[in-house]
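K.L.:
The structure is given below, and queries will be raised subsequently.
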Amino acid sequence: MTDSDRVRIAVAVARSGIASRRAAENIVRQRRVTVDGRIVTDLSLRVNPATEEITLDGRPLPHREPLRYYALNKPRGVLSTARDDRGRRTVVELLPADAPRCVPVGRLDLDSEGLLLLTNDGPLIDGLLHPSREVQRVYLAEVIGQPSDQALDRIFEGIRNEGELLRAKPARSRRPGRRLADRRSTSWLALTLHTGRKREVRRLCDAIGHPVVTLRRVRFGPLLLRDLAEGAIRPLNRREVRLLRRAAGLSDDSADAES
């Protein structure tokens with residue numbers, strides 16, 4: 001048995017899918033977990049779920065499929081959800097056939113495209129989406145017209161919209177705009193956000209009078225879209241998973257992901 005096979009007891013409980021990492025720690029403190037018949041309360045205890053019998057309230061921990069992590073370049077017209085009652089196409093349909101049940105981390109609008117993370121790692125999802133982590137999101141937005149410096153200052157300083165204060169760090173992009181069929185021209189902006197409010201980029205651009213034509217996410221935390229083709233999906237490597245866990249505030253002892 002090697003050290004890499006062992007994880008902290010709360011991680012083993014959380015990975016069974018019955019609780020988040022924090023809730024699993026409380027479960028251990030409540031003397032509800034045993035390892036090879038012995039009640040454990042020490043959160044620093046490291047175990048190997050493959051070789052040691054771990055029970056919760058007298059029952060073996062449920063088996064959970066290996067953790068998986070995927071980066072997807074979501075196309076327009078695909079829903080960022082696990083299912084849709086109206087039968088529309090969803091991002092989970094783009095997962096590999098042998099993938100376990102994974103869900104998107106956050107959402108991109110139906111008409112938006114770009115980088116989307118999918119995983120079955122519950123604690124990672126919770127950490128990345130928690131407002132206190134302020135995980136960076138970078139978007140390229142093609143907007144009608146060319147916003148003035150004053151308009152970009154408004155985005156930077158924050159705009160009150162529907163009871164929320166929306167804010168982003170804007171920068172002009174070198175990407176060339178185009179002439180639309182109605183003869184209006186476009187330009188591109190890069191916007192960096194640390195929140196995941198609904199349609200936040202579109203609302204900001206609407207507020208300054210430059211509606212979004214195309215919206216593409218190119219970064220989520222340490223994860224970059226790079227040259228991933230539209231509609232393509234790939235597993236993350238160990239380094240990417242490790243960096244995402246750090247961004248989520250998770251310790252490295254839960255980072256032995258399979259990819």
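The values are calculated or read from the model by the stated rules, or taken from the named source; none is laboratory data. Keep in mind that this is a model prediction, so the values were computed, not measured. All Cβ positions, even for glycine, are placed from backbone atoms using ideal geometry, and neighbour counts span all protein chains on display. Note: areas computed on protein heavy atoms with side chains; ligands, DNA, RNA excluded. Shrake-Rupley method; radii C 1.70, N 1.55, O 1.52, S 1.80 Å.
K.L.:
Report, by residue number, each residue of the stretch 62-75 that is touching a Pro at 6+ places or on another chain (Cβ under 9 Å), open to solvent by less than 20 Å² (accessible area, probe 1.4 Å) and within 17 Å of N237 (Cα to Cα).
P.N.:
L67, Y69, Y70, A71, L72
K.L.:
Quick one: count up the residues across the stretch 188-218 that are closer than 15 Å to S112 by Cα and at pLDDT below 95.
P.N.:
Residues flagged as closer than 15 Å to S112 by Cα and at pLDDT below 95 within the stretch 188-218 amount to 3.
K.L.:
I'm checking my understanding of the structure. Among residues of the stretch 20-32 that are surrounded by fewer than 19 Cβ atoms within 10 Å (Cβ to Cβ) and modelled with pLDDT under 90, which one is nearest to R238 (Cα to Cα)?
P.N.:
If we take residues in the stretch 20-32 being surrounded by fewer than 19 Cβ atoms within 10 Å (Cβ to Cβ) and modelled with pLDDT under 90, then S20 is nearest to R238 (Cα to Cα).
K.L.:
Go through the stretch 132-168 and count every residue that is closer than 20 Å to G196 by Cβ and polar (S, T, N, Q).
P.N.:
Total meeting the criteria: 3.
K.L.:
Among the residues that make up the stretch 23-32, is at least one of them under 30 Å from A229 (Cβ atoms), over 22 Å from the mean Cα position of the chain (by Cα) and either not hydrophobic (A, V, I, L, M, F, W, C) or not in a loop (DSSP other than H, G, I, E, B) (or both)?
P.N.:
There is no residue in the stretch 23-32 that is under 30 Å from A229 (Cβ atoms), over 22 Å from the mean Cα position of the chain (by Cα) and either not hydrophobic (A, V, I, L, M, F, W, C) or not in a loop (DSSP other than H, G, I, E, B) (or both).
K.L.:
Give the stretch 62-73 a look and list any residue that's of a type outside the set (K, R) and over 14 Å from the mean Cα position of the chain (by Cα), or say none. Even if it seems obvious, please write down each step before you answer.
P.N.:
Start the filter on the stretch 62-73 by keeping residues that are of a type outside the set (K, R), which leaves 62-63, 65-67, 69-73.
Within the stretch 62-73, P62, H63, E65, P66, L67 qualify.
K.L.:
For a quick check of your reading: which strands (runs of 3 or more DSSP E) sit entirely within the stretch 173-259 and have at least 2 residues that are open to solvent by less than 20 Å² (accessible area, probe 1.4 Å)?
P.N.:
186-193, 212-220
K.L.:
Continuing with this model, one more query. Scan the stretch 135-164 for residues that are under 15 Å from F220 (Cβ atoms) and either modelled with pLDDT under 95 or open to solvent by less than 20 Å² (accessible area, probe 1.4 Å) (or both) and jot them down.
P.N.:
Across the stretch 135-164, the qualifying residues are V135, R137.
K.L.:
Could you list all residues from the stretch 76-109 that are assigned to a loop (DSSP other than H, G, I, E, B), surrounded by 15 or more Cβ atoms within 10 Å (Cβ to Cβ) and not β-branched (V, I, T)?
P.N.:
R76, S80, L95, A99, C102, G106, R107, L108, D109
K.L.:
Go through R107, R101, R76 for me and flag whichever is under 23 Å from the mean Cα position of the chain (by Cα) and modelled with pLDDT of 95 or more.
P.N.:
When all the criteria are applied, what remains is R76.
K.L.:
Does any residue in the stretch 167-178 that is over 15 Å from Q136 (Cα atoms) come within less than 8 Å, Cβ to Cβ, of a residue that is open to solvent by 100 Å² or more (accessible area, probe 1.4 Å) and modelled with pLDDT of 95 or more six or more places away or on a different chain, and which pairs are these?
P.N.:
G177/Q146
K.L.:
Does the stretch 143-158 contain any residue that is in a strand (DSSP E or B) and over 30 Å from R242 (Cβ atoms)?
P.N.:
Scanning the stretch 143-158 turns up at least one residue that is in a strand (DSSP E or B) and over 30 Å from R242 (Cβ atoms).
K.L.:
Give the residues of the stretch 33-61 that are open to solvent by less than 50 Å² (accessible area, probe 1.4 Å), not in a strand (DSSP E or B) and not hydrophobic (A, V, I, L, M, F, W, C), sorted by residue number. Step through it out loud before you land on a result.
P.N.:
Pass one, the stretch 33-61, residues open to solvent by less than 50 Å² (accessible area, probe 1.4 Å): 33-35, 40, 43, 45, 47-48, 52, 54-56, 61.
Narrowing the set further to residues that are not in a strand (DSSP E or B) leaves 40, 43, 45, 48, 52, 61.
Listed by number, the residues that qualify are N48, E52.
K.L.:
So, L225, is that one closer than 21 Å to R167 by Cα and touching a strand residue (DSSP E or B) at 6+ places or on another chain (Cβ under 7 Å) or not?
P.N.:
Answer is no for this residue.
K.L.:
I'd like the full set of residues that are part of a loop (DSSP other than H, G, I, E, B) and open to solvent by 10 Å² or more (accessible area, probe 1.4 Å), limited to the stretch 110-121.
P.N.:
Scanning the stretch 110-121 gives L110, D111, N120.
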